[in-house]
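Worksheet: one structure, shown below.
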Amino acid sequence: MKIGIVCYPTYGGSGVLATELGIGLSDKGYEVHFITYQKPVRLNAFHQNIYFHEVESVDYPLFEYAPYESALASKMVDVVKYEKLDILHVHYAIPHATVAFLAKKILAREGIHIPVITTLHGTDITLVGINKTFTPIIEFSIDASDGVTAVSNDLSRQTKENFNIKHDIRVIHNFINLNRFKKSNKDHFKKAIAPNGEKIIVHTSNFRPVKRVGDVIDVFRRITNVLPAKLLLIGDGPMRSELEERARKCPQFENIRFLGKQDAVEEILAISDLFLMPSEKESFGLAALEAMACEVPVISSNAGGIPEVNIHGITGYLSNIGDVDDMAKNALYLLENPEILQQFRQNAFRQAQKFDINNILPLYINYYEEMITGVKAKTLV
Ligand code: GMT
């Protein structure tokens, strides 16, 4: 099977997931074609069955904004036609599902009937989507897709609640590659970061307001009022300078480190004691799953689909959004009770195993096959 994947190539969760999916499929022998404006960041090694097709932006004095959608649609048509793709899997509704519809219509004029699957990741529905300007295009594009998946039950529910959609939505949760994300011995690194045995708290995100990174700092302050700890902040984004400013005002500033974007996140998770995810919205929480795979329990909010991943009182704790006192209390309970923390570490790993790529990948492959058979049957009629 030849699969075209369209995604955002950046550090965001949808791009990461789409890239890991492509790598997983190629490892199983499928041919995967990424179509996007830049090589996906997680695609940093050579894979025999993976191809990358860059969408070039067209610069012309008349255009204040280069027409990315048109360039993407043309590239999709080109790749489907010449690489003889069997299916297109687009990640993030805007604009990818809409552009896929256009590409599909263009190809149909030449007798090529390509099935399109749209995967909803979260902010395409919960943030961008509920901006009323986008409602008609989201509803149309979802209903026009052959298959639609959402990364959690909560996201599926929210999509149906907020939009008038007739299409079924299949829930296929995020997954994790346990060969990469696993606890490894990085004692030398741990000593360098926490030379006096301080507890290590970690957070990773794209530093957007929805992630409430300020709450991470507030929880950390409360933790350090009781015991010595270090905070590692991984990632980058629009709130970073504001957060650095805020951290500088903390008496514990020297214990807070902004690490920026990191490729080997698993090495940092390997030395961490707790992961913080206080998000305001989170359709699944892939970063929490990555932490759990490395045996790091999660102190999180109860937003969106997080409770489908982080199980309260088992793999970590859930608090109401913004309740930093409760988050700090839960964090301290685990940090002050090493045996319980150890139990939570094991529980977190066991929970992560449920989302092993080897369990989730077949769900996508089966869905691809269903869609290909369905579209073939329809065009024969
Ligand atoms: O987390 C982000 O802000 C990035 C965002 C994206 O769409 O790129 O991630 C979303 O997709 C991930 C992969 O499916 C989910 O694990 C994240 O929970 C989701 N983020 C939000 O809903 C805020």
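Observations on the model:
Results for (1) of a type in the set (Asp, Glu); (2) under 22 Å from the mean Cα position of the chain (by Cα); (3) open to solvent by less than 30 Å² (accessible area, probe 1.4 Å), shown as yes or no for each residue.
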site: Gly285; (1), (2), (3): no, yes, yes
site: Val298; (1), (2), (3): no, yes, yes
site: Ser301; (1), (2), (3): no, yes, yes
site: Val324; (1), (2), (3): no, no, yes
site: Leu341; (1), (2), (3): no, no, yes
site: Ala352; (1), (2), (3): no, yes, yes
site: Glu370; (1), (2), (3): yes, no, no
site: Val375; (1), (2), (3): no, no, yes
site: Leu380; (1), (2), (3): no, no, no
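- Verdict on Tyr11 being under 25 Å from Ser279 (Cβ atoms) and in the same structural domain as Gly122 (by TED's automatic domain parsing): yes
- Members of region 194-211 found to be crowded, with 18+ Cβ neighbours inside 10 Å and under 13 Å from Asp273 (Cα atoms), listed by number: Ala194, Lys199, Ile200, Ile201, Val202, His203
- Phe284 vs. criteria under 24 Å from Tyr92 (Cβ atoms), aromatic (Phe, Trp, Tyr), within 16 Å of the ligand (Cβ to nearest atom) and touching a residue at least 12 places away in the same chain (Cβ under 8 Å): yes
- Region 99-127: number of residues that are open to solvent by less than 10 Å² (accessible area, probe 1.4 Å) and of a type in the set (Asp, Glu): 1
- Residue ID - least open to solvent (accessible area, probe 1.4 Å), chosen from residues in region 128-160 that are closer than 26 Å to Glu370 by Cα and out of contact with any helix residue (DSSP H, G or I) (no Cβ under 8 Å at 6 or more places or on another chain): Ser156
- Hits in region 208-227 (condition: in contact with a Lys or Arg (Cβ under 7 Å, 6 or more places away or on another chain), away from the ligand (no atom under 16 Å from the Cβ) and in contact (Cβ under 8 Å) with a residue 60 or more places away in the chain): Leu227
- Restricting Leu233, Leu289, Leu269, Leu274 to residues that are in contact with a His (Cβ under 6 Å, 6 or more places away or on another chain), open to solvent by less than 10 Å² (accessible area, probe 1.4 Å) and either away from the ligand (no atom under 16 Å from the Cβ) or hydrophobic (A, V, I, L, M, F, W, C) (or both) narrows the list to Leu233.
- In region 246-257, residue nearest to Ile223 (Cα to Cα) [restricted to those that are assigned to a helix (DSSP H, G or I) and over 27 Å from the mean Cα position of the chain (by Cα)]: Asn255
- Across region 49-94, the qualifying residues are those that are in contact (Cβ under 8 Å) with a residue 40 or more places away in the chain and part of a loop (DSSP other than H, G, I, E, B), and the one among them that is nearest to the ligand (Cβ to nearest atom) is Tyr92.
The values are calculated or read from the model by the stated rules, or taken from the named source; none is laboratory data. In this text the structure is predicted, and so the values were computed from the model without any measurement. Glycine also receives a Cβ, built like all others from the backbone with ideal geometry; neighbour counts cover every protein chain displayed. These accessible areas exclude ligands, DNA and RNA; they are computed on the full protein's heavy atoms, side chains included. Shrake-Rupley method; radii C 1.70, N 1.55, O 1.52, S 1.80 Å.
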